[in-house]
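Student: The structure is given below, and queries will be raised subsequently.
The values are calculated or read from the model by the stated rules, or taken from the named source; none is laboratory data. Being a predicted model, the structure only gives us computed values, none of them experimental. Positions of Cβ are backbone-derived with ideal geometry, glycine not excepted, and every protein chain shown enters the neighbour counts. The accessibility values were calculated without ligands, DNA or RNA, using every heavy atom of the protein model including side chains. Shrake-Rupley method; radii C 1.70, N 1.55, O 1.52, S 1.80 Å.
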Amino acid sequence: MKRISIDPVTRIEGHLKIELSIEGGKIQSARSSGTLFRGLEATLSGRDPRDAGRITQRVCGVCPAAHAVASALALDDAFQIKKEIPKNGRLIRNLILGSNFIHSDLLHFYHLSSLDYLNPGDLAGLKSADPDLQDLETYLGTSDGAPFVPEYSGDYRLGGEVSVDIARDYLAALEIRKKAHQMVAIFGGKMPHNMGTVAGGVTKPPDIDSITKFRSRLEEIKEFVEQRYLPGVLEIADVYGDYFEIGQGVPDFLAYGGFYQDDFSKSHQKTEKGILGGALSLGSEEVEELQLEKITEKVTHSWYTEAGNGHPTKSKSQPDPDKEEAYSWVKAPRYYERPHEVGPAARMLINFRRGNELVRKELKVALNKTGLSVKQLPSVMGRHMARAVECLSIVKMMEEWINELRPGEPSLTQYELPKSGSGLGLTSAPRGALGHWLRVKDGRIENYQLVVPTTWNASPRDGKGTPGPIEEALIGTRVEEPDSPIEAARIVRSFDPCMACAVH
Amino acid sequence: MPETEVSPVIWIQGAGCTGCAISLMNSPYPKLKNLLLDELVPGKSIGLKFMATLMGGTGELALEVLERTRSKKGYILVVDGAVPVGAGGKFCTVGDEPFSDQVSRLAKDAAIVVNIGTCSSYGGIPAGRPNITDCISVGDHLNSQDISTPTLNVPGCPPEPSWFVDSLAQVIIYGVPHGKELDDAGRLKEVYGGLVHNNCPRRGDFSTGNFARSLGDSGCLVEVGCKGPYTNSECPNRGWLEGLNWPIRNNHPCIGCTEPGFPDLMTPFYEKFGMEEAEDMYRRLK
């Protein structure tokens, strides 16, 4: 039995350690460990509830807009104004969140993941017409190649032609994802950490100038997603087809809805348009409505006192850094006592089964091209493909929302701050199902709990010893060179872990 | 062609959110591609050797690069995130080493420590009360360890990319900034030398008494909690994302994210300071 530790797992957000036991060339057991704790739930306690919209965004610099939406929804709920958000306010929240998805998806595929498949050495001697790529080739030929090399050794199979496409788009995507951040800034003031999404709606009403600036960028992005990003994923998937059978993980999936258009009363389950929520087992065709009271967090193997166990409305996060049986700062969320995968693969699977027409159409095109079934989405390549298909679907939804904006009409509703109340904010975030639970007492936050996508995916074992989704996805995988466990790295990165989110 | 002088850069992350790295990726000119591959100023470039967010290497392979760069000394150490010193450093570890030890070890051999963001500059959000992990700024941590490597703060939550690029370029061209180039909070005066309020396009509203009474109203945002009168930042001059917008233009009050004491001194974000708090803030700002 060989034990290896991958720490730090780079090209993700934040601090993750993966420990593996390998025997007979296969991973026998795996531990996923979050190694940064900040205690932001405690920081929120005692503050003006409105400040949560700014502070919770600082949970994560990659997907802050999702936290802004979750906290705004929780505050709308606590302030009893969730049915009064103006249409402009809902649409602009969606446009800001959608822009955050685009940036995050492109970042994940090109800048965080592609080096798992692309060997910069394969670019040498290939004369490219692209001036940026020529600069990269010159740089690689005249320097130590940092920060792109050294990489793990392994089966880099792309070959020259595909490598050139992916490397060219690695550089191009740096600029395209910036345009997505510009779109956030148009309605959110700045990014990361926008200053637009607030309780009651958004601060800035739409005008002709913001609509045209936003729309023109969206069209440029759509072209890139349709012609480069999704085809690029399929190009890699074509060469690494075996990775549709690798890293499958747990058989249960969960999603909240997202991009709400209605009054949010039942919107964690159903929305008129946007992304639909629910729970699904891989063997089943039927998506179940979520029973939110069945979500609990376990801290048996996490560095917290027992107060951290239970439903998010009842638990407290008190650190216990010397706890013996613990190995992670991530808690273990469970739904009906079982681990669930969240994220684009879970969402696309659930939306496919629930009959979300736009998603079904885009997904079928990709599945036909690859000859795969929807059940293969929970896998290394499936997750990349699901993310790209979702990105294109969201871009197409955004095209409709931008047209529905009404300049001259309000984007924000006014309200009185209540002394007490409680609120729930659920949304789809780029990495999966995001929930904020809030309780207000004497005009101040009494308790704030976050259960974040990577909390689900990177969770440690629970009280019954059941591994979390990333841990489960690693077990049984063949590793050719234990000192260079690229197969494990590919599996972990396919989940797009965000550790600052997972622990917060 | 004359040889390009390469300044090696190590970027490490503690109690942070990666927002600073993501913000840097938004740099318009120079673009991130220019920063990585090209000269930053004539004859000089940076060599980004270690940065977990972008580097090819993983695990031990990445740590070997870090050690190799450290052993050659004289690099620029960029730190993103605060330093949690509670519980013997167990709140943040990298490669099983407490982040607090990693900062000390790497700072000793660095030419300068550049603190990107308010967390590493002053503690920031993770050091907000009750600060159960005992997060402190990099400067305070180095002082406590008697490490005298000079530091330069580039605060902001996150900083707009040009604030960092300009600070880095200053270091590469002229070396470690002199005392007179820095303000009391360890920032370059050239980049942080002006109150938001003094450069605000809504200053006219303030002067004529046109105040927003609730969020979403037009006019000066002081009554709805704007901390622009107490915040040094280039936001009103440079804007964000190539000047497309910035918080006050988006009808949102400034929350003072570039200042020491953010967030505690600046909260509640949507409440106006009383006279006492305002006077206290002006004493701090002198």
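Student: Please indicate, with yes or no, whether at least one residue in the stretch B:110-123 is open to solvent by 10 Å² or more (accessible area, probe 1.4 Å) and within 7 Å of another protein chain (Cβ to nearest Cβ).
Tutor: no
Student: If we keep just the residues of the stretch B:200-236 that are small (Gly, Ala, Ser) and touching a Phe, Trp or Tyr at 6+ places or on another chain (Cβ under 8 Å), which is surrounded by the most Cβ atoms within 10 Å (Cβ to Cβ)?
Tutor: It comes out as B:SER233.
Student: Select from the stretch B:249-273 the residues that are at the interface with another protein chain (Cβ under 8 Å from one of its Cβ atoms) and open to solvent by 30 Å² or more (accessible area, probe 1.4 Å) and list them in ascending order.
Tutor: Selection gives B:ARG249, B:PRO268, B:GLU271.
Student: State the number of residues belonging to the stretch A:176-219 that are in a strand (DSSP E or B) and facing chain B (nearest Cβ under 7 Å). Full working, then the answer.
Tutor: Let us first name the residues in the stretch A:176-219 that are in a strand (DSSP E or B), namely A:197-198, A:201-202.
Checking the rest, the ones that are also facing chain B (nearest Cβ under 7 Å) come to A:198.
Final tally of qualifying residues: 1.
Student: Among helices (runs of 4 or more DSSP H) lying entirely in the stretch B:191-286, which contain 2 or more residues that are over 25 Å from B:GLU160 (Cα atoms)?
Tutor: By residue number, B:203-208, B:275-285.
Student: Would you confirm, using the coordinates I've provided, whether B:GLY128 is within 10 Å of chain A (Cβ to nearest Cβ), touching an Asp or Glu at 6+ places or on another chain (Cβ under 7 Å) and either over 23 Å from B:PRO263 (Cα atoms) or among the aliphatic types (A, V, I, L, M) (or both)?
Tutor: no
Student: Tell me, which residue of the stretch A:147-170 that is open to solvent by 10 Å² or more (accessible area, probe 1.4 Å) and at the interface with chain B (Cβ under 9 Å from one of its Cβ atoms) is farthest from B:HIS252 (Cα to Cα)?
Tutor: In this case the residue turns out to be A:TYR152.
Student: Tell me yes or no: at least one residue of the stretch B:96-107 is within 12 Å of chain A (Cβ to nearest Cβ), open to solvent by less than 10 Å² (accessible area, probe 1.4 Å), farther than 24 Å from A:HIS108 by Cα and over 16 Å from the mean Cα position of the chain (by Cα).
Tutor: Taking the stretch B:96-107 and keeping what is within 12 Å of chain A (Cβ to nearest Cβ), we get B:96-99, B:102.
After this cut, where a residue has to be open to solvent by less than 10 Å² (accessible area, probe 1.4 Å) as well, the list is B:99, B:102.
Pick out the ones that are also farther than 24 Å from A:HIS108 by Cα and you get B:99, B:102.
Still in the running and over 16 Å from the mean Cα position of the chain (by Cα): B:99, B:102.
Yes, some residue in the stretch B:96-107 is within 12 Å of chain A (Cβ to nearest Cβ), open to solvent by less than 10 Å² (accessible area, probe 1.4 Å), farther than 24 Å from A:HIS108 by Cα and over 16 Å from the mean Cα position of the chain (by Cα).
Student: Right, something else. Tell me, which residue of the stretch B:158-190 that is among the polar types (S, T, N, Q) and either assigned to a strand (DSSP E or B) or touching a residue at least 40 places away in the same chain (Cβ under 8 Å) (or both) is most open to solvent (accessible area, probe 1.4 Å)?
Tutor: Looking at residues that are among the polar types (S, T, N, Q) and either assigned to a strand (DSSP E or B) or touching a residue at least 40 places away in the same chain (Cβ under 8 Å) (or both), I get B:SER162.
Student: Just the residues that are surrounded by fewer than 19 Cβ atoms within 10 Å (Cβ to Cβ) and within 24 Å of A:GLY278 (Cα to Cα), please, taken from the stretch A:402-457.
Tutor: The one that is surrounded by fewer than 19 Cβ atoms within 10 Å (Cβ to Cβ) and within 24 Å of A:GLY278 (Cα to Cα): A:SER422.
Student: Right, something else. A:LEU377 - would you say it is without any contact (Cβ under 8 Å) to a residue 40 or more places away in the chain, out of contact with any strand residue (DSSP E or B) (no Cβ under 6 Å at 6 or more places or on another chain) and farther than 30 Å from A:GLN80 by Cβ?
Tutor: For A:LEU377, the condition - without any contact (Cβ under 8 Å) to a residue 40 or more places away in the chain, out of contact with any strand residue (DSSP E or B) (no Cβ under 6 Å at 6 or more places or on another chain) and farther than 30 Å from A:GLN80 by Cβ - is met.
Student: Out of curiosity, is A:ILE402 more than 16 Å from the chain's Cα centre (by Cα) and within 25 Å of A:LEU97 (Cα to Cα)?
Tutor: When the stated conditions are applied, A:ILE402 passes them.
Student: Filter the helices (runs of 4 or more DSSP H) completely within the stretch A:28-125 down to those with at least 1 residues that are of a type outside the set (Ser, Thr, Tyr), open to solvent by 10 Å² or more (accessible area, probe 1.4 Å) and more than 13 Å from every other protein chain (Cβ to nearest Cβ). Break it down into steps so the answer makes sense when it comes.
Tutor: Values: elements: A:40-44, A:52-55, A:64-78, A:87-106.
Counting at least 1 such residues, we get A:64-78, A:87-106.
Student: Check B:TYR174 against each of (1) more than 24 Å from A:ALA68 (Cα to Cα); (2) touching a helix residue (DSSP H, G or I) at 6+ places or on another chain (Cβ under 6 Å) and name the one condition it does not meet.
Tutor: In the conditions (1) more than 24 Å from A:ALA68 (Cα to Cα); (2) touching a helix residue (DSSP H, G or I) at 6+ places or on another chain (Cβ under 6 Å), B:TYR174 misses (2) alone.
Student: If B:LEU24 satisfies every condition in (1) buried (at least 22 other Cβ atoms within 10 Å of the Cβ); (2) more than 7 Å from chain A (Cβ to nearest Cβ); (3) touching a strand residue (DSSP E or B) at 6+ places or on another chain (Cβ under 6 Å) but one, which is the exception?
Tutor: (3)
Student: Have a look at A:ALA307, A:ALA326 and point out the one that is open to solvent by 10 Å² or more (accessible area, probe 1.4 Å), within 14 Å of chain B (Cβ to nearest Cβ) and assigned to a helix (DSSP H, G or I).
Tutor: Only one candidate passes the filter, namely A:ALA307.
Student: For the stretch B:28-45, what are the residues that are open to solvent by less than 20 Å² (accessible area, probe 1.4 Å) and either more than 7 Å from chain A (Cβ to nearest Cβ) or in contact with a strand residue (DSSP E or B) (Cβ under 8 Å, 6 or more places away or on another chain) (or both)?
Tutor: Of everything in the stretch B:28-45, those that are open to solvent by less than 20 Å² (accessible area, probe 1.4 Å) and either more than 7 Å from chain A (Cβ to nearest Cβ) or in contact with a strand residue (DSSP E or B) (Cβ under 8 Å, 6 or more places away or on another chain) (or both) turn out to be B:LEU35, B:LEU36, B:SER45.
Student: Which residue is nearest to the other protein chains (Cβ to nearest Cβ), if the candidates are limited to the stretch A:129-146 and must be in a loop (DSSP other than H, G, I, E, B) and open to solvent by less than 20 Å² (accessible area, probe 1.4 Å)?
Tutor: Filtering first and then ranking leaves A:ALA146.
Student: A further question follows. Scan the stretch A:337-396 residue by residue and report those that are surrounded by fewer than 24 Cβ atoms within 10 Å (Cβ to Cβ) and in a loop (DSSP other than H, G, I, E, B).
Tutor: A:GLU337, A:GLY355, A:ASN356, A:GLY371, A:LEU372, A:SER373
Student: Now for a separate question. Name the residues in the stretch B:72-97 that are touching a helix residue (DSSP H, G or I) at 6+ places or on another chain (Cβ under 6 Å) and part of a loop (DSSP other than H, G, I, E, B), would you?
Tutor: Hits for the stretch B:72-97 are B:GLY81, B:VAL85, B:GLY95.
Student: Residue by residue through the stretch A:274-316, note down the ones that are touching a helix residue (DSSP H, G or I) at 6+ places or on another chain (Cβ under 8 Å), over 15 Å from A:HIS340 (Cβ atoms), hydrophobic (A, V, I, L, M, F, W, C) and in contact (Cβ under 8 Å) with a residue 60 or more places away in the chain.
Tutor: Those that are touching a helix residue (DSSP H, G or I) at 6+ places or on another chain (Cβ under 8 Å), over 15 Å from A:HIS340 (Cβ atoms), hydrophobic (A, V, I, L, M, F, W, C) and in contact (Cβ under 8 Å) with a residue 60 or more places away in the chain: A:ILE275, A:LEU276.
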